[in-house]
Each structure stands twice: as structure tokens, then as C-alpha cells.
Ligand SMILES: COC(=O)C(/C=C/C1=C(C)CCCC1(C)C)=C/O[C@H]1C=C(C)C(=O)O1
Ligand SMILES: O=C(O)CCC(=O)C(=O)O
Ligand SMILES: [Fe+2]
């Protein structure tokens, strides 16, 4: 079942943050100003030494010696278990394609507002240009412009939302998405091997896998201490692949050990995170970790995010191999289409979406 929210909802006027920057460069409308506890603490007097998310060298898994393979596989499993996030280097995705997509994405965001508004993300929907996950007039807004498209299977596409400018946008996105799809399948294969499962278990289970892309553009913000670029959330996907634009400011933060840890971009690396679906399938062994984006006073930032998830038809639940008396079943079985619908019809709210699947245990 495709997640198509239909109920009419009233979200009030949503300012376009790029236009705000042009017209009233130093004012932050109240709707973007977060309440105290939600504000990012960017100027800590006593910052904790920064931990960095793990780095996986995919070439060691694909063409390394037996020892290199074994060591990298252990590192991959530990990253998924301890962090839910890692950066992948030597990932095999054509770097000039990565750069081309970044270029056309930036060109799109730099178009006049009237041109971008030909592809509106209507309230309650997740595809097109605008702000997703806004469901009421009093909800705080993110300091971000989004452009999102469903890619696979084709029935989730809305052809009216594919832009004609820049001219090479669609072909570049198609080529990029094919490569990212291959990367996701490869990563899922190694994740399965690391869990002592059959290497094809996820590919076979996922069927007509769902793939979507979201481009997030965060303009510089005069008061980055008051706003969020993107609200805290975990992703509903199985895996998410995130590319940070070259020269972008640091913006992604993940919630680890009760602190927000910034993800330092590594040139040409892609950031991978475990989504809610893998958390459920692995019975919580691999966690989908809460993350958010913060803004920068002087620099803008672009991120290009691919969500890779199973077919909407799939019945998702913990895999029997990962359930036993020490790890009793933590999630109920549900239909992934239902999960997606629930995810996209609620505001981003930390790990709350997963409550849809959690079995409540009292101890
Ligand atoms: C703004 O979009 C999202 O944040 C998002 C939605 C992705 C989707 C589309 C843009 C088109 C239709 C399919 C889908 C819902 C995947 C997040 O994606 C996560 C949430 C779920 C659930 C998921 O599978 O990926
Ligand atoms: O821009 C980022 O770094 C975070 C993006 C993200 O988490 C998302 O789009 O789901
Ligand atoms: Fe995310």
C-alpha cells in the first residue's frame, strides 16, 4: 500500500527559508524559534572530546584478502550495533555522478521560487518542493527547503513533480539512483553475512524495494542557536545513504550516549544509517539512531538522502534467527505499507514512529 495521506490539514503559511534570507536576512520568524530544550547547544563552554562515527572501507569487503574481509566485516557489524551509523569509503559509486547530482540539485534550489513552486509538496504529502512533516499551524518549522521524489518501484513516482530545469536533472538522478541501489544491496548483503544469515536474505525478502530521494537545502541562518535545520528523527527506511555537499558546513548530528555528536564529513565518503526497518528485522540488535541537522551562521549546506526500504507488501517482524530466550521478540509483525503511511502522516518526532511496532514490555 502506498503512503498517500489525503485528509485536508491546515498548516498555516510556511515561509520559504531561502526567500526569508533574501528579504529579511537577520529576522527569525517565531515559527522557526525552538523552545529552550530543543535548541542546539552550539557554543558549549566545555565541549566533550568528539567521537567520530566509524568508517567502513567497502573495498576490503569486495576485494580484500580473507583477513581484511574478516576485520572489515567485524567493524561493519560493530558499527551497526554500537552506532547505527557509519561512513563508507571506496563505495564504488561513480564520484563524477555524485558531483553532477550535487550540481544539479544546487542549481534546482537556486531557481526562482515560482519555478520551484511548480512542483509543490502539498500539505500532508512527502514528494515535491517545500517542507515535509508539517501537520498543524502551531508546529515549529525546520530551517530547510526540501525537494523529495519517489523513485522505485515506478508506481510511487509522480511524473508531474520531476523538474524540467535544470535540463539534466532527471537523467542525472536516474543514473545516481541506480548506483545507490547497487550500494544498498551490497551493504545489505554484508550486513546479513555479519549477522550469520544467508547473504541474500534481505534482497529476497525486500521484493520490489522502495527507493526515494530527498534533497535538503539549509541556507545559512543568522541565529543557528535558535533553530533546527531538521527535527530529530530516526529514518523509517531499512538503510539510508546520505551525501553531504562539497564545501558544506558540518550539520548532521547523531544522538549517542545522551549527547549530540556531529558527523565530520570525509571527502567522497557516503554516510549510511540503519533505519527503523532493520531495527525491527534484527529484533533491536541494530538500532535506528535518532539524528538531526543544525544550521550555520555563514555557510549553507546541501544533503542528498536516499531511503531504501522493502516492498510495501512485506510483512515485517523480527527474524526468527534473532529471537531467543535472551532476546525475546521486541516488535510485532506489521505491513511495511502501513508503517510507511504511519511514518509520513506524523511529524518527525525522535524515535516515536517505532512505537507503531514495539511490543510493550513492563520490565
Ligand atoms: C520527505 O520524505 C521522507 O522523509 C521520507 C519519505 C520517503 C518517501 C517518498 C519521498 C516517496 C514515497 C515513498 C517514501 C515514503 C519512502 C522518508 O522515508 C522513509 C520513511 C519510510 C517509512 C521509509 O521507508 O523511508
Ligand atoms: O541533512 C542531514 O544531514 C540529515 C538529513 C536526514 O536525516 C534526512 O533527510 O532524513
Ligand atoms: Fe534522517
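What to note about this one:
- Packing, as the average of other Cβ atoms within 10 Å across residues, places the peptides 149-157, 226-234 in the order 226-234, 149-157, highest first.
- Here the relative contact order of segment 110-253, from alpha carbon pairs under 8 Å that lie six or more residues apart, stands at 25 percent.
- GNM remark for the chain: springs join alpha carbons under 10 Å apart, and the peak mean-square fluctuation among 211, 87, 75 falls on 75.
- Projected onto planes of every orientation and averaged, the convex hull of the alpha-carbon atoms in segment 291-363 covers 7.7 nm².
- Relative contact order (%) - criterion: Cα under 8 Å, at least six apart; region: the chain: 22 percent
- Global form of segment 214-363, assessed from the alpha-carbon gyration tensor, a/c cut-off 1.5: prolate
- Normalised by the number of residues in segment 47-201, the average gap of Cα pairs under 8 Å and 6 or more apart makes the relative contact order 20 percent.
- For the chain: rounded, prolate or oblate by the Cα gyration tensor [a/c cutoff 1.5]: rounded
- Mean-square fluctuations from a GNM of the chain, with a 10 angstrom spring cutoff on Cα atoms, peak among 296, 13, 91 at 13.
- Relative to the dominant Cα principal axis of the chain, helix 169-194 is inclined by about 30°.
- For the chain, built as a Gaussian network whose Cα springs stay under 10 Å, the top-fluctuating residue of 240, 164, 277: 164
- Classified by the C-alpha gyration tensor, segment 57-101 has an oblate form. Its axis ratio a/c, with a ≥ b ≥ c, is 1.5 or above, and a/b does not exceed b/c.
Coordinate-derived values only; no laboratory data. In this text the structure is predicted, and so the values were computed from the model without any measurement. Methodologically, a virtual Cβ is constructed for each residue, glycine included, from the backbone with ideal geometry; neighbour enumeration extends over all protein chains shown.
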